[in-house]
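Visitor: Mind having a look at this structure? Questions to follow.
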Amino acid sequence: MADEEEIPGADVLSQSEVEDILASIGAETEDQVKVISRRLKQPEKHQLEEFDFRSPVFLSAAEMRRLRIKNEEFIRSLSAALSVYLQMEFGLQMSRLETLTYQMMLESLPMPSHLTLFRMNPLNGICLMDISPRLGLTILDRMMGGPGHSIKNERDFTDIEVTVLQDFIHLILKEFANSWQRYQNLEHEIIEHENTARFLNIVEPDEVILYLEMEARLGDCLAGIRFMIPYRMMEGIIDQLMAEISNQEGRIEEKKAPTVMVENYKNIPIILKTFLKGLSMTLGEIKDLDRGDLILLDEKLCNQVIVELGKIPKFKGQVDILKEPVSVTLTEKMDTNYE
């Protein structure tokens, strides 16, 4: 056979050379993986967060907590006032407080409803209050002299029932206005009553509403009362509430701060007195005392003296009568606070 022709430029690699090449490729790949891993672990400067534009949050968690405390005060006051008015226990408990759009609020309202449109003069805007028809009928039963048992049949109110129930609604709105009296003098005004909110265009669909829902209990009836207030209408008053709470917290922090003695106060003279406790004498013995008389003291009493600064006892001490002049050694500081 003829010898095979050699291909120019073709080199035959040994087994060790092949292994070295594969090892170098593997090392480069491992370094690339480490670099990518480090980049994944490092947080990006700009991170994307999910935001629901249909549920805007106008108040932080701390501000919402303060607003919740304020509304709980209103609920306690309202519960007491309604109990007196109906001469029967009327329990109220907050079940929901949040900000949401007007459109979402309309979708969450139960059917049927009894809606009251009202104003809080001089604020600009129209508010809504919703009372469950079952609760309203139970209240009417109690106002007409009944026992206040739950009415299971939910229906729209008649014109006479609306007129009778209006006094009860006036009382609720009056308590709501009084709860903000500290920040602004408000007067409620009832505009009208409706049985559905579907066609009420009191604000734009995307406007933010402050939604307060309370669970009411009258006898065996358990139902809801809801307040729906445009946020822009109450924004100024809520800002005053938050500012007042911040100022109170600032004053508390100032009280906790350590007091620094002003240089000018260091030279103010204070009367220092030392008292012996346990020495007793009769009025007759005191009457017979004269200048130059000696009073014999028990040695134990010299170890039980009280030292006062001004009129405040501050130290316990021990008298040393053997030295000239007579001295008092302070042995213990008393737990007495300045008022």
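Visitor: What distance in nm lies between label points placed 7 Å from Cα along the C-beta direction at K316 and R76?
Guide: 4.2
Visitor: S108 to S60: FRET efficiency via 1/(1 + (r/R0)^6), r the Cβ-Cβ distance, R0 25 Å, to the nearest 0.05?
Guide: 0.60
Visitor: Using label points projected 7 Å from each Cα along Cα→Cβ, tell me how many nm separate L276 and D220, to one decimal.
Guide: Modelled inter-label distance: 8.1 nm.
Visitor: Separate question: Find the accessible area per residue for segment 91-189; the probe is 1.4 Å, ligands and nucleic acids are left out, and the unit is Å².
Guide: 46
Visitor: A further question on this structure: What order do T331, T99 take when sorted by accessible area (1.4 Å probe), most exposed first?
Guide: The residues order as T331, T99, largest area first.
Visitor: Rounded, prolate or oblate, given the Cα gyration tensor of segment 197-239, with a/c below 1.5 counting as rounded?
Guide: oblate
Visitor: Going by average Cβ density within 10 Å per residue, which order do the peptides 167-175, 129-137 take, highest to lowest?
Guide: 129-137, 167-175
Visitor: Calculate one ³J(HN,Hα) per residue across segment 69-76 by plugging θ = phi - 60° into the Karplus curve 6.51 cos²θ - 1.76 cosθ + 1.60, and present them in order as whole Hz with x for glycine and proline.
Guide: 4, 4, 6, 5, 5, 4, 5, 5
Visitor: What pairs from K70/K174; K287/K333; K273/K300 go past 24 Å between their alpha carbons? The partial results should precede the final answer.
Guide: Working: K70/K174 16 Å; K287/K333 36 Å; K273/K300 19 Å.
Flagged as over cut-off: K287/K333.
Visitor: Still on this structure, please answer the following. Applying 1/(1 + (r/R0)^6) with R0 = 25 Å to the Cβ-Cβ distance of Q181 and S83, what FRET efficiency is obtained, to the nearest 0.05?
Guide: Taking R0 as 25 Å, the efficiency between Q181 and S83 is 0.75.
Visitor: How much length is gained if the chain between T158 and K287 is pulled fully straight, taking 0.36 nm per residue apart and subtracting their Cα-Cα distance, in nm to one decimal?
Guide: Here the segment from T158 to K287 would lengthen by 37.2 nm.
The values are calculated or read from the model by the stated rules, or taken from the named source; none is laboratory data. Since this is a predicted model, take the numbers as computed values, not measurements. Cβ sites come from the backbone with ideal geometry, for glycine too, and all protein chains shown count toward neighbours. Just so you know, the surface numbers come from the protein's heavy atoms only, side chains and all, with ligands and any DNA or RNA stripped out. Shrake-Rupley method; radii C 1.70, N 1.55, O 1.52, S 1.80 Å.
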